[in-house]
Structure formats: structure tokens, C-alpha cells
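Student: The structure follows.
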Amino acid sequence: MNNDSSIAVLATALRDEVAKLRPGDRLPSSREIMRRHGVSPVTVSRAIGRLAAEGSVVSRPGSGVFVVKPAKTVNEAGDLEWQTVALGDRVVDDGPVTTLLTPPPEGVIPFTGGYLPPGLRPDRQLGVAAARAVRRPDAWALPPLNGLRELRRWFAAQAGGDVTATDALIVSGGQAALTHAFRALAAPGTQVLVETPTYPGALSAAKAAGLRATAVPMDRDGVRPELLAEAFAVTGARVFYCQPTLHNPTGATLTPERREQVLQVARAAGAFVIEDDFARYLTDQAPATMVSADADGTVVHIASLTKILSPSMRVAAVIARGPAARRLRASQLVESFFVARPLQETALEFVTSPVWPRHLKAVHEEIKIRRDALATALTRLPGVELHLVPRGGMHLWVRLPPEVDEAALVEAAKRAGVLVSPGRIYYPSEPPGPRVRVTHLQAANLAELAEGTRRLGQALANTS
């Protein structure tokens with residue numbers, strides 16, 4: 001037996017002995033250990049050294065070796081409960097977002113999700129764009145900290161009005177943009193106004209920033225300006241988060257008149273409007289952005305390429321002006337420095353190529369076909385009512401018969417082989433009744449849409 005293996009064997013034997021002792025107990029002397037195990041003084045010294053390094057014993061010259069605590073076995077879990085006190089009571093709630101991002105089990109038809117399916121995703125064209133992008137000079141160099149100027153200029157042009165490249169900041173996707181905006185614009189412990197229902201990821205991001213979301217009702221034309229004004233007055237909030245185009249989950253688009261009214265209400269309150277323009281490229285009828293009509297820095301505009309291209313195209317822009325813009329840039333810098341330059345270069349290569357308009361046209365055509373097919377199928381289900389048929393987007397908002405147990409229906413639908421999103425996760429307060437959000441873009445084809453609707457109808461019949 002070589003010396004290393006002798007040390008390992010003795011260390012194991014001593015661990016077993018330590019496990020039987022109490023903290024403060026003294027191990028046998030080195031001479032006694034040598035006698036029992038037939039090893040040399042060097043082997044004893046090194047074996048005890050291993051236990052000391054593990055923290056189970058401590059050697060006190062002239063006194064001996066003492067047990068610090070019973071040694072743990074390899075499979076024994078550590079005591080992590082101390083972290084509960086150290087972390088405090090602020091919880092980051094990732095449940096709703098995880099629900100939306102979790103792939104469906106095998107054989108289950110997804111009426112959930114928020115990205116393009118493989119058949120519509122421009123994977124090959126993105127690969128070509130990436131290959132060209134990484135061959136650009138300085139493709140792997142440090143980018144400008146607020147993003148490539150050409151990409152910022154492109155986002156500025158998309159926003160319209162007098163927005164310039166200087167107003168734009170490139171960030172890692174729309175969710176990161178929301179996180180930066182909530183942290184930069186509102187102090188922890190204050191309230192933020194949101195449409196109700198609203199995007200669960202925004203609710204989670206606001207909560208993680210230490211904010212309290214207050215609901216402002218909406219109808220088929222978007223948020224109700226008179227109730228928004230009342231909410232600002234009652235809460236003292238200084239931020240209103242909204243999705244004015246193809247609102248998630250309802251599909252509503254804020255009318256031009258209401259857009260102007262919302263801006264007037266926010267200006268009167270001295271508040272910011274976070275315009276989450278996530279769905280601009282999911283329709284060929286997108287209205288002018290709110291930021292294009294804003295000269296006072298009221299609107300903080302968020303635009304993303306993720307929905308229209310790929311879940312991994314984590315590239316978005318935040319458009320802001322004044323001190324708010326400086327604070328947003330500082331937030332981006334201290335949290336993640338910058339977005340990887342090759343990803344920015346790939347995005348720029350794609351959106352400035354002839355592929356971009358062709359891709360938009362193909363997606364818009366598919367959306368119309370799928371939306372109409374699913375809307376028609378859903379209206380045949382007894383007691384089901386569509387909130388509206390949107391002019392684009394991925395989702396339909398469905399009102400269920402009042403006697404239906406929403407949670408039971410979602411589970412029954414899953415057992416029947418179709419996933420739908422429960423309505424309750426879209427509300428910052430108590431839901432007004434049972435709802436589900438259904439997505440038409442994730443199914444493989446029209447036949448799967450029809451089959452998914454049939455399964456949903458079966459689940460509805462079983463829970464009514």
C-alpha cells in the first residue's frame with residue numbers, strides 16, 4: 001500500500017471515529033493511532049491534516065486533536081436554513097414566467113408560449129446573418145457601452161418622431177429592459193400602475209424591484225384614461241406600465257385618442273409611461289408609437305426583436321431622455337456591462353437585409369390564418385366568449401362560463417393533452433372571473449390547432 005492510499009484509509013477511519021464523538025471530545029494521541037492502525041507518524045499527521053482542512057477537527061499543539069463538530073457523511077445535506085434569516089422576506093416570484101417558458105410534455109399540444117415556432121423562426125437566415133456579422137471588423141471587440149450606433153439608429157427610426165440614436169440603449173431583451181426600467185424609474189416600496197390584466201413577467205419584475213403593482217382597468221380599446229388619472233391621484237405612483245399595441249393577454253390596441261389622453265394624464269401626474277412595444281412586428285397594422293408623440297421625456301419606450309425572430313435573439317432597445325436615460329444606462333452598465341457585440345452585429349445584419357421585410361410578411365400572413373382558425377374554433381365551444389379578435393399578435397383572451405373552476409380546467413386540459421395559460425397569473429389583484437389565454441402560433445399546424453381546441457372543449461365539458 002503506497003503512502004497516499006494509507007493516508008486516505010486512515011482519514012476514513014478517523015472520520016468514522018469523529019462521527020461517534022461530540023464537539024470538544026479529544027481524539028486518541030498520535031502514538032495510540034499509530035499503534036491501532038500500524039502506520040507511521042507522517043501518515044497520522046497527514047490524515048489528521050485532511051480532517052482539519054475539512055473542518056471536523058482542530059489540532060492544539062501540546063494538548064491534542066479535538067472534535068469541532070460531528071463529521072458529515074458524503075451524502076448528508078448541509079443545513080441551509082440560516083439563509084432564510086439572511087435573505088429576508090423579499091421573494092423573487094419566477095412561477096408565472098416559468099409557466100410561460102416551460103416546453104410542453106411529449107404529445108401535448110401547446111396553446112401557450114410567446115415565441116415563433118420552428119417553422120416560422122428564421123433559423124437559417126439568422127445563421128447566415130451571424131456568419132456575416134462575425135466577419136465584420138472588430139466583431140469580437142468591446143462594443144459601445146450603450147450599443148452599436150447603427151443598431152441604435154435603426155431602433156430610433158422604428159420608434160419614429162424625433163427619436164435619435166442618442167436616445168436608444170441596447171439591452172439584453174425585453175425582460176431585461178423591464179427590469180432596468182422598474183429599478184431606474186421607481187423607488188423600492190412605491191407603487192407602479194399597470195393595466196389589468198397584464199403581462200406576468202412585468203408583475204414579477206416589478207415585485208423583484210420592490211414595487212407594488214396597482215391595477216388600472218381596461219376595456220376593448222385599452223386602458224381607461226379616467227381611471228388611470230384616478231389611480232395616479234390615489235396612489236401617488238410615478239410610473240405606469242402599459243402595452244398599448246396588441247396588449248398581452250387581451251390583444252387590445254390603445255386607440256389614438258386614448259394614447260394622447262394617457263400622455264396627458266401622465267404629464268399632469270409628473271409620471272413616466274413605460275411603453276412596452278413587444279408586439280409591434282407581429283402585425284402589419286401597428287399604430288404610431290407613444291414615444292413618437294412625446295417631447296417631454298414622459299415615455300420610456302421598449303422594443304424587442306425576440307418575439308419576431310428567436311427566443312435567443314436577446315436584443316432590445318430602451319428609448320428614454322434626460323436624467324431617466326442616464327439612470328437607465330447606469331443600471332445596464334453596473335448589472336451586465338453591455339450586450340455581446342456578435343449578437344448585436346447579427347441583429348443589425350438581419351434587420352438591414354432584404355430578408356427582414358420578407359420575414360415580416362410571412363409571419364403576418366401566418367398569424368392571420370392561425371388567428372382566424374383558432375377564433376372560429378373557440379367560438380363553437382359552449383359558453384366561451386372571446387374578449388376580441390386582435391389585429392395581430394399570438395394570443396386570444398378567452399372568458400369562460402362563470403361556473404367553471406379555472407384552475408381545474410387548466411389541469412383537465414393538460415390531462416386531455418393541451419396546454420393553456422391560466423388567467424389568474426395575469427392579474428395583480430383578484431381576477432374578475434375565470435379566463436384563459438390561448439396561443440395560436442405554437443401548434444405545429446392548423447390540424448393541431450383544431451385538435452387542441454377539441455381537447456380543450458372536452459376538458460371544459462368535464463369541469464362544467
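Student: Touching a helix residue (DSSP H, G or I) at 6+ places or on another chain (Cβ under 7 Å), assigned by TED's automatic domain parsing to the domain that holds residue 367 and under 29 Å from residue 212 (Cβ atoms): which single residue out of 436, 404, 418, 410 fits that description?
Tutor: Residue meeting the stated conditions: 436.
Student: Oh, and also: From (1) in contact with a strand residue (DSSP E or B) (Cβ under 8 Å, 6 or more places away or on another chain); (2) under 30 Å from residue 311 (Cβ atoms); (3) not charged (D, E, K, R), pick out the condition that doesn't hold for residue 191.
Tutor: So residue 191 meets the others, but not (2).
The rows are residues; the columns are (1) touching a residue at least 24 places away in the same chain (Cβ under 8 Å); (2) at positive phi.
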position	(1), (2)
326	no, no
385	no, no
390	yes, no
398	yes, no
417	yes, yes
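Student: What do you reckon, is residue 302 closer than 23 Å to residue 150 by Cβ, part of a loop (DSSP other than H, G, I, E, B), aliphatic (A, V, I, L, M) and in contact with a Phe, Trp or Tyr (Cβ under 9 Å, 6 or more places away or on another chain)?
Tutor: Criteria not met by residue 302.
Student: Could we say that residue 380 is farther than 25 Å from residue 253 by Cβ and basic (Lys, Arg) here?
Tutor: yes
Condition check ((1) surrounded by fewer than 10 Cβ atoms within 10 Å (Cβ to Cβ); (2) within 41 Å of the chain's Cα centre (by Cα); (3) of a type outside the set (Lys, Arg); (4) at pLDDT below 85) across all residues:
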residue	(1), (2), (3), (4)
6	no, no, yes, yes
17	no, no, yes, no
32	no, no, yes, no
57	no, no, yes, no
62	yes, no, yes, yes
69	no, no, no, yes
77	yes, yes, yes, yes
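Student: Another question, if that's okay. Looking at 195, 230, can you tell me which residue is free of Cβ contacts under 8 Å to residues at least 12 places away in the same chain and in the same structural domain as residue 175 (by TED's automatic domain parsing)?
Tutor: 230
Student: I've got another one for you. Might you check whether a residue that is part of a helix (DSSP H, G or I), outside the structural domain of residue 457 (by TED's automatic domain parsing) and not aromatic (Phe, Trp, Tyr) occurs anywhere in the stretch 317-324?
Tutor: Within the stretch 317-324, one or more residues are part of a helix (DSSP H, G or I), outside the structural domain of residue 457 (by TED's automatic domain parsing) and not aromatic (Phe, Trp, Tyr).
Student: Return yes or no: is residue 201 assigned by TED's automatic domain parsing to the domain that holds residue 338, in contact (Cβ under 8 Å) with a residue 12 or more places away in the chain and under 21 Å from residue 276 (Cβ atoms)?
Tutor: In short, yes.
Student: Return the residue satisfying two criteria in turn: it lies in the stretch 435-464 and is modelled with pLDDT under 95 and part of a loop (DSSP other than H, G, I, E, B), and of such residues it is surrounded by the fewest Cβ atoms within 10 Å (Cβ to Cβ).
Tutor: Per the criteria, the residue is 445.
Student: Next question. Would you say residue 178 is touching a Leu at 6+ places or on another chain (Cβ under 8 Å) and either within 21 Å of residue 312 (Cβ to Cβ) or among the hydrophobic types (A, V, I, L, M, F, W, C) (or both)?
Tutor: no
The values are calculated or read from the model by the stated rules, or taken from the named source; none is laboratory data. Since the structure is predicted, the reported quantities are computational estimates derived from the model, not experimental observations. All Cβ positions, glycine included, derive from the backbone under ideal geometry; neighbour counts span all protein chains shown.
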